[in-house]
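Below is one structure, written out as structure tokens; the observations come after it.
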Amino acid sequence: MVESSDLQSDAMHSARTDLNNYVDAAKEARFESRRDLKIGGALLGAGAIGAAALAFAGPASASSKDIMALQTAAGIENLAVFTYNTALTLPFIGGSSALPVVKAFVQMTVKQHTEHGQAFNAAVAKLGGKKQTGTDPKYTPIVQKAAPGLKGPADVIGLAITLEDVAAQTYTANVGQVSTSDLRQLFSSVAGVEAQHRAILLAVQALVGAGLVSQIKLPPDAAKLPAAAGSVGFPDAFYSTTKAAPVAEGAVS
Amino acid sequence: MSRMKKNQNEIAISEAELSSMTHELDVMHKETFSGVKKSLDDFSANLSHLAAGRPAARRSFLLGAGGLAVIGGVAACSSSGGGASKSSTSGGGSSSSGSPYTGDLKVVALAAALENLAVAAYGMALTAAGKGTYGAVPPAVATFVTTAMGQHKDHAAAWNGVLTKAGLKPVTTPALSITNAEVAKLQAAKTIPDVARVALSLENAAAETYTFATANVTDIGGIMTAAAIQPVEAMHAAILSFVIGEYPVPASFIGVDMAVQPSALTA
């Protein structure tokens, strides 16, 4: 876990650099879009106002779309943090009957989602938007409804898989929706991590379902794992976006 | 194989349940692929003018609707420090000057070559396992290798489809400057964890390369294809880490330091 923390520290340093880069790039994109309008209007004359307005509308609306996408992402992250923290209050996840490796995974995952939320909200603020401090409006009621029914690890894992998948799908879709290369890279870099969370949860779900809880450890005894466990963690060759949250789902103004 | 079969029989009920899950997931995979195929078709349509030397009014992500995109920024971006410099590029970045693959298509060719390398690596591992190099191979490990290899084949086929539609030859080999070094590592591997570490390095390099690609490819179809493959490589890496005994999600953000540079393409 010490090594893991070191790796994470390095990644965070890199992520902060990326964050600064893409915020600068997004700001530049907004500035350029306004300057283009001005120059375009002067050069093209009144007859071309429509075209110039189009040129303005594209990047400018893309920038507000960036903010909405970041706010929605922050809301998803906040919900993930809330959900995992709730799970940690349960005896079989964070209490005396919990497997140490499961508890450690949930704690680390909370930390990672917290950092994702902070990164998204920092970008929102630097782009002039309002930070999203709430949780995703669509999935929050689902989590609230599910919470009383979390009676065992399988229930928590199932809920977590849903949230991780929605997050990964949303950010994968966001890659194609935001306006700068740095933002694309940020969303992609987080999508891959949520997908990794999902992969491990799928594997753990399979082990729980197969009655092999004793193999939820690092490393498992590979010889004792069922054959299908080798592939259950990565079901698709291409990551879907069908469950992606709409850009404006968690937007705030 | 008989030992593998025996183990499977010992846990028949669990296996049935897991097989059922796998079937459901396979159906999901087919549904997912249709979306990716659309991205690839868009990508192909946008790139197909290149070989014929025609200009094209591409749907440009960066320039807005109706803008004329100039393919060719990727190589320049990579040389300006977009990413890769460390482990996976240890073989050096031999130039592929004179290569028919330029701009976005160079990244496509790079992606195809990377996928071919992954397929070859897993294939080598299976061959070595069949010869008993690693001792008894657990069924779950065998399933991992065959499934991951199949997905990498799917990825390679997708990227090569773009090249073919652009009028270029598909990249059917691991045409990369890093290939020899990776093959040497595989040949030196004597245990399952040894092989898994080599595979983990390749999967991480692939995931980071696609992360890099999302920021440096100019075509939206190409961007989305890279975006849809990156999480899958990251998932492979997570499971490999789990099997090795390392923390499976070691970082909060997928980096680009291990991304393979376009200059590593030798095709």
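Nothing in this text is a laboratory measurement; each read-out follows from the coordinates by a stated rule. Being a predicted model, the structure only gives us computed values, none of them experimental.
Taken over the stretch A:79-196, the convex hull of the Cα atoms encloses 98 Å³ per residue.
Under a 5 Å amide H cut-off, with hydrogens placed 1.01 Å from N, B:Leu176 pairs with B:Thr266 among residues at least 5 apart or on other chains. Size descriptors for the stretch A:131-210, from the alpha-carbon set: Rg then Dmax equal 14.7, 45 Å. For the residue pairs A:Lys243/B:Lys106; A:Lys111/B:Lys106; B:Lys38/B:Lys106, the alpha carbons lie more than 29 Å apart in A:Lys243/B:Lys106; A:Lys111/B:Lys106. Kirkwood radius, the stretch A:204-251, all distinct C-alpha pairs, inverse of mean reciprocal distance: 13.3 Å.
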